[in-house]
1. Does any residue of segment 224-239 turn out to be of a type outside the set (Gly, Ala, Ser), within 16 Å of ligand 1 (Cβ to nearest atom), farther than 23 Å from CYS429 by Cα and surrounded by fewer than 19 Cβ atoms within 10 Å (Cβ to Cβ)?
2. Within segment 33-45, can one find any residue that is assigned to a helix (DSSP H, G or I) and at pLDDT 95 or above?
3. When you go through SER460, SER413, SER396, SER405 one by one, which is the residue that is within 15 Å of ligand 1 (Cβ to nearest atom), among the polar types (S, T, N, Q) and touching a strand residue (DSSP E or B) at 6+ places or on another chain (Cβ under 8 Å)?
4. What pairs come out if I take residues in segment 155-183 that are among the aliphatic types (A, V, I, L, M) and pair them with residues that are in a loop (DSSP other than H, G, I, E, B) and modelled with pLDDT under 90 whose C-beta lies under 6 Å away, six or more apart or interchain?
5. How many residues does segment 366-399 hold that are at pLDDT 80 or above and either within 16 Å of ligand 2 (Cβ to nearest atom) or assigned to a loop (DSSP other than H, G, I, E, B) (or both)?
6. Which residue out of LYS57, LYS10, LYS28 is more than 16 Å from ligand 2 (Cβ to nearest atom), part of a loop (DSSP other than H, G, I, E, B) and either modelled with pLDDT under 95 or among the charged types (D, E, K, R) (or both)?
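The values are calculated or read from the model by the stated rules, or taken from the named source; none is laboratory data. Model, not experiment: these values are computed from the prediction. Backbone-built Cβ (ideal geometry, glycine too); neighbour counts: all protein chains shown.
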Amino acid sequence: MGKELLIEVKDMCKNFGPTKALKHVDMKFYRGEIRGLVGENGSGKSTVTSIIAGMQKATSGEMFYKGKPWNPESMVDAQRHGISMVLQEANTILGCTVAENLFAGRFDECSKFGFVNMREVNAKAQKMLDSFGIEKIRATDPIDRLTFEDRKLMEIVRYVTDETEVFVVDETTTALSLEGRKILYDLIHRLKDAGKSVIFISHDMDEILEQCTDLTVLRDGDIIGHLNREEMDAPDAVKKIRFMMVGREIGDAYYREDYDTSHQDEVALELKDISFGPIRNFFLKLHKGEIIGFGGLSGCGMHEIGRAAFGLEKLESGAVIRNGHEITSPLQAIESGIGYISKNRDTEALILEGSIHDNIALPLLPELSHKTFINPAEEKRRVDHEIEAFWIKCGSGKQWVNTLSGGNKQKVSFAKWTAKDSEVLIMDCPTRGVDIGVKQSMYALIAQMKKEGKAIILISEEMAELIGMADKLVIMKDFVRTGEMMRNPDLKETDIIEYVI
Ligand SMILES: Nc1ncnc2c1ncn2[C@@H]1O[C@H](COP(=O)(O)OP(=O)(O)OP(=O)(O)O)[C@@H](O)[C@H]1O
Ligand SMILES: [Mg+2]
């Protein structure tokens, strides 16, 4: 039996001013498949899928859905017709509860004579959450209190209904921990088995090869090729896909290759028995030239430790100490040479309504402004250097950050602190959503920083990244340190897991 065609994209172009994000793209999506979509940052993955899901319009071209022309008015319109998408960026309405977010745009399902029955909304919302196995999120919780991961899970619940025929997941797994990923994987396989179509965007090649039934590669707004399951199982598949993505060979050397865990004696940053919220008397000494990795499940407390080290948490007792001084605010942290790459890049790490230049130059200001004079030429030179070093795909440094692709935003939030030459760097999931080529250069840069005597805290939900990069691993569970191990060639993910769960 042939596969049933569900969505067809024909000769589609999308221009943003001079940028050609899609160049005459043809694509077909069938029932019963989980189609992987891969390509470098800025290759057009989010653009093509967001057009299918009604978020924006193409410049030219046609779409067909179940054999009929498809021109959705909006995302809500598309969802009503069975096509929904979890966006790469956070898409929740702050100041409302989980239930209100879940029912946004469809309160009519729980209203009579124009009155919304909130008890019914809450009860239905909780039932939805429970049915996805996410009982830990309560329908009546204010959304602002949810972690980034839980917000993403809530969005998944919001977008998948009985009517869903096509479900697009755009680079969502990087925001999810192991448990969250499992919930999502189970869901997309259920949809596939029910004859729906899933479009799955990710930079994690292992995940793509494990979860998807087919694969399409994009490069610079063009479709480069497709792989079916059999081709994906071939021994040289990863190499082939990488080559298709980048157009050149990418070596396997990825993480650090040395096992030199030595560091200088000087302590660069000390957490002296800090207590706040559920974290009690946490201590840590980070030395110059040392990379300490923090791992665990997303709610284990490691992200909070990172925030505290940057002066973002109000401590009940203890202190964060650098150069003999206490750090009690992010401003003090920055002034003393600490940089912080937040996991929450859109709300904490970047000024979205500002240019790439402004974002990268911001932490440089105290250093570049001698009294009140700022040297624009020097500033531009430093910014352009970072744009080049990270291959930030943009027209120029003047382009606004909110028009960059997800991975290119992440590069800006990384570059911001490397431009400043910070002495201590706290990195919370620094490689989130960046493609393999750039990931490779970020890892090389981190290794280089160690050599230069910089001190680094690397917080990550990817065990492989921690094993590959850290001198010492601190594993946390339920806000407590459960294990510590040193870098060594025999260290495996399975050695760590027992401390995680
Ligand atoms: N609103 C916009 N204004 C200007 N350019 C845009 C806009 N939206 C997207 N682009 C550009 O279109 C290109 C394709 O972006 P897209 O977001 O589709 O990439 P992507 O493949 O999803 O990348 P990533 O892996 O980083 O998420 C990029 O060069 C991006 O800068
Ligand atoms: Mg994208």
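1. Checking segment 224-239: at least one residue is of a type outside the set (Gly, Ala, Ser), within 16 Å of ligand 1 (Cβ to nearest atom), farther than 23 Å from CYS429 by Cα and surrounded by fewer than 19 Cβ atoms within 10 Å (Cβ to Cβ).
2. From segment 33-45, those assigned to a helix (DSSP H, G or I) are 45; that's our starting set.
Checking which are at pLDDT 95 or above leaves us with 45.
Yes, segment 33-45 contains at least one residue that is assigned to a helix (DSSP H, G or I) and at pLDDT 95 or above.
3. Within the list SER460, SER413, SER396, SER405, the selection yields SER413.
4. Every condition considered, the pairs that remain are VAL157/PHE132; ILE183/GLY133.
5. The number of residues fulfilling the criteria is 10.
6. Only one candidate qualifies: LYS57.
Per-residue answers, yes or no, for (1) in the same structural domain as LEU473 (by TED's automatic domain parsing); (2) within 23 Å of GLY453 (Cβ to Cβ); (3) without any contact (Cβ under 8 Å) to a residue 60 or more places away in the chain:
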residue	(1), (2), (3)
TYR254	no, no, no
SER262	no, yes, yes
LEU271	yes, yes, yes
LYS285	yes, yes, yes
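Quick grid of which residues meet (1) surrounded by fewer than 17 Cβ atoms within 10 Å (Cβ to Cβ); (2) not basic (Lys, Arg):
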site: LEU102; (1), (2): no, yes
site: ASP130; (1), (2): yes, yes
site: LYS136; (1), (2): yes, no
site: ILE143; (1), (2): no, yes
site: LEU146; (1), (2): no, yes
site: VAL157; (1), (2): no, yes
site: THR172; (1), (2): no, yes
site: LEU184; (1), (2): no, yes
site: SER197; (1), (2): no, yes
